[in-house]
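Visitor: Structure incoming, see below.
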Amino acid sequence: MPEQQEMQQRQVAYKVRIGEISRGQYVEKDGWEPNYIQVGEKQISRVNIIANVVDKQIGDNLSSLTIDDGSGNIQVRAFKEDSIRLNSVEIGDVVIVVGRPRKYGNNFFISYEIAKKIDPLWAKVRQKELGEMPKVENSAPQVTPMQSSQENIQEEKIEDNFEDRKKILELIRNSDQGEGSEVDSVIASSGFDAKKAEDIIQELIKAGEIYENVAGKVKML
């Protein structure tokens, strides 16, 4: 049982920056154990990344997206029948990508599982989750007082959304005993009015943070 739990933990789709993947150590395993990237103390065999699409190449048996999250860029590769699934994503889209990091030669890439267009607001939410990247001196653009005020208002909105979504995610995570979390129970425990909680759950599903494994139940991705 402990070995099985450890394997399940390694299969979590970790939220990381692309730069962390590029700087990590790639470890190849024998047999059924998955390959992984060592990032700090984490052994990452699946990743969950939000980034901008900066290039797209579509083929019959291999398609790829190049995504950039500000810390670096990496290719997302879809093979064979999965290659057509990237058709709906366009350059300039903000996407959530879930897949397995791989290394070919000296280059890392992500083997496709999910690549879905999402609201750009989620990129800001992800920054909140991961923490701000170090800023390069003198790189910040000058803003007028009006721009600064608008950004502060947007930041407050992002902060509120982040905390509300974080609360729902924690309820889902803590109440899942293996078969998923009851949506009605999560809504009742949230302390939000039913419509607000339902809207947040739908936003999390659309953003790829959770999925409906059976009717009336949801699980973390």
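The values are calculated or read from the model by the stated rules, or taken from the named source; none is laboratory data. Model, not experiment: these values are computed from the prediction. Neighbour counts run over all protein chains shown; Cβ positions are idealised from the backbone, glycine included.
Conditions (1) acidic (Asp, Glu); (2) touching a strand residue (DSSP E or B) at 6+ places or on another chain (Cβ under 9 Å); (3) outside the structural domain of residue 173 (by TED's automatic domain parsing); (4) at pLDDT below 90, marked per residue:
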{"position": "7", "(1), (2), (3), (4)": "no, no, yes, yes"}
{"position": "32", "(1), (2), (3), (4)": "no, no, yes, yes"}
{"position": "45", "(1), (2), (3), (4)": "no, yes, yes, no"}
{"position": "66", "(1), (2), (3), (4)": "no, yes, yes, no"}
{"position": "72", "(1), (2), (3), (4)": "no, no, yes, no"}
{"position": "83", "(1), (2), (3), (4)": "no, yes, yes, yes"}
{"position": "89", "(1), (2), (3), (4)": "no, yes, yes, no"}
{"position": "94", "(1), (2), (3), (4)": "no, yes, yes, no"}
{"position": "100", "(1), (2), (3), (4)": "no, yes, yes, no"}
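Visitor: Where in segment 34-125 are the strands (runs of 3 or more DSSP E), entirely inside, with at least 3 residues that are within 16 Å of the chain's Cα centre (by Cα)? Steps first, answer last, please.
Guide: Working: elements: 36-39, 42-44, 46-57, 62-68, 73-79, 94-104, 107-117.
Counting at least 3 such residues, we get 46-57, 62-68, 73-79, 94-104, 107-117.
Visitor: Scan segment 164-199 for residues that are over 14 Å from residue 212 (Cα atoms) and among the hydroxyl-bearing types (Ser, Thr, Tyr) and jot them down.
Guide: Across segment 164-199, the qualifying residues are 175, 185, 189, 190.
Visitor: Now for a separate question. When the residues of segment 28-52 are filtered to those that are closer than 13 Å to residue 112 by Cβ and among the β-branched types (Val, Ile, Thr), which remaining residue is surrounded by the fewest Cβ atoms within 10 Å (Cβ to Cβ)?
Guide: Out of the qualifying residues, it is 47.
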